[in-house]
Amino acid sequence: MLMQGIQGRNFDTDREQAIQPYRHPMPTDCLPEIVIPNAIPQDERLWVPQQENVWFRPLCLSASHGYWTSLLRVRKSGVLSRHRHPQPVHGWVLRGSWRYLEHDWVATEGAYVCETPGETHTLIVEDGVEEMITYFQVNGAMIYVDPDGKAMGYDDVFTKIELCRQHYEEAGLGADFVSQFIR
């Protein structure tokens, strides 16, 4: 079988060639992949507390590109935070549900949400939601604001890394435990 590729190039895709791994070394400066078999961990020490009944589980902390991916877990109802994003945020709801006070939609289990740059919103978990877990990719920062938009604080990949270091040290895993997630 012959497959036509980019700019009309032909790529041989017979079975024997297709099942061969790449034969050359990876680039010298290429960092290793991050593979996390159980992203939703059984070991509670892997969840980093943010506030009472709110944790995050780091998956990738990209210090080189200024973003982080994590699971956010909430086991309480109420307002989590009001914040603004200077860059897009992507979310995928794995368990439970949540919404923003500023919108009329609810992000339910299985939903994908793309938050556009510049938007300010207030995340709330409704009564009756026992546990919410959402995968988030946060690019840039989360700027915490009051109802009028005045900045009250922020999180970025570096504050997340430091929070992980402190928690993992206190949890007995060692401060360097976070290094496996940093790229």
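With the requirement that a residue be of a type in the set (S, T, N, Q) and closer than 19 Å to Pro49 by Cα, what does the stretch 71-101 give you? Correct list: Ser77, Ser81.
Within the stretch 70-90, restricting attention to residues that are in a strand (DSSP E or B), open to solvent by 40 Å² or more (accessible area, probe 1.4 Å) and of a type in the set (Lys, Arg), the residue that is nearest to Met142 (Cα to Cα) is Arg84. Cβ-Cβ distances below 6 Å connect the following pairs, each with a first residue in the stretch 128-151 that is closer than 17 Å to Glu52 by Cα, a second residue that is open to solvent by 70 Å² or more (accessible area, probe 1.4 Å) and not in a strand (DSSP E or B), and a separation of six or more residues or different chains: Glu131/Arg75.
Condition first: assigned to a strand (DSSP E or B) and among the acidic types (Asp, Glu). Now tell me which residues in the stretch 109-138 satisfy that. Hit for the stretch 109-138 is Glu115, nothing else. Every condition in (1) in contact (Cβ under 8 Å) with a residue 12 or more places away in the chain; (2) open to solvent by less than 70 Å² (accessible area, probe 1.4 Å) holds for Asp43 except the one numbered (1). Criterion first (part of a loop (DSSP other than H, G, I, E, B) and either more than 17 Å from Trp55 (Cα to Cα) or at pLDDT below 95 (or both)) does Gly172 satisfy it? Spelling it out, Gly172 is indeed part of a loop (DSSP other than H, G, I, E, B) and either more than 17 Å from Trp55 (Cα to Cα) or at pLDDT below 95 (or both).
For His167, the requirement of being surrounded by 14 or more Cβ atoms within 10 Å (Cβ to Cβ) and either hydroxyl-bearing (Ser, Thr, Tyr) or within 23 Å of Leu61 (Cα to Cα) (or both) is met.
Do we have any residue at all in the stretch 135-154 that's out of contact with any Gly (no Cβ under 7 Å at 6 or more places or on another chain), under 17 Å from Arg57 (Cβ atoms), hydroxyl-bearing (Ser, Thr, Tyr) and open to solvent by 20 Å² or more (accessible area, probe 1.4 Å)? For the stretch 135-154, residues out of contact with any Gly (no Cβ under 7 Å at 6 or more places or on another chain), under 17 Å from Arg57 (Cβ atoms), hydroxyl-bearing (Ser, Thr, Tyr) and open to solvent by 20 Å² or more (accessible area, probe 1.4 Å): absent. Selection of the stretch 91-108 for residues being closer than 20 Å to Ala39 by Cα and not in a strand (DSSP E or B) yields only Gly96.
Among the residues that make up the stretch 56-63, is at least one of them free of Cβ contacts under 8 Å to residues at least 60 places away in the same chain and more than 16 Å from the chain's Cα centre (by Cα)? Looking through the stretch 56-63, none of the residues is free of Cβ contacts under 8 Å to residues at least 60 places away in the same chain and more than 16 Å from the chain's Cα centre (by Cα).
Return yes or no: is Pro58 touching a Cys at 6+ places or on another chain (Cβ under 8 Å) and either on the phi < 0 side of the Ramachandran plot or assigned to a strand (DSSP E or B) (or both)? Taking the combined requirement at face value, the residue satisfies it. I'd like the residue in the stretch 91-111 that is of a type outside the set (A, V, I, L, M) and closer than 23 Å to Ile143 by Cβ and, out of all such residues, is nearest to the chain's Cα centre (by Cα). Filtering the stretch 91-111 for residues that are of a type outside the set (A, V, I, L, M) and closer than 23 Å to Ile143 by Cβ, the one nearest to the chain's Cα centre (by Cα) comes out as Gly91.
The lone criterion from (1) part of a loop (DSSP other than H, G, I, E, B); (2) under 13 Å from the mean Cα position of the chain (by Cα) left unmet by Pro41 is number (2).
State whether one or more residues within the stretch 108-119 are closer than 22 Å to Cys164 by Cβ, modelled with pLDDT of 95 or more and open to solvent by less than 70 Å² (accessible area, probe 1.4 Å). No: zero hits.
The values are calculated or read from the model by the stated rules, or taken from the named source; none is laboratory data. Values in this document were obtained by computation on a predicted structure and should not be read as measured data. No Cβ is skipped: glycine too gets one built from the backbone with ideal geometry, and neighbour counts run over all protein chains shown. Side chains included, ligands, DNA and RNA excluded: accessible areas come from the protein's heavy atoms. Shrake-Rupley method; radii C 1.70, N 1.55, O 1.52, S 1.80 Å.
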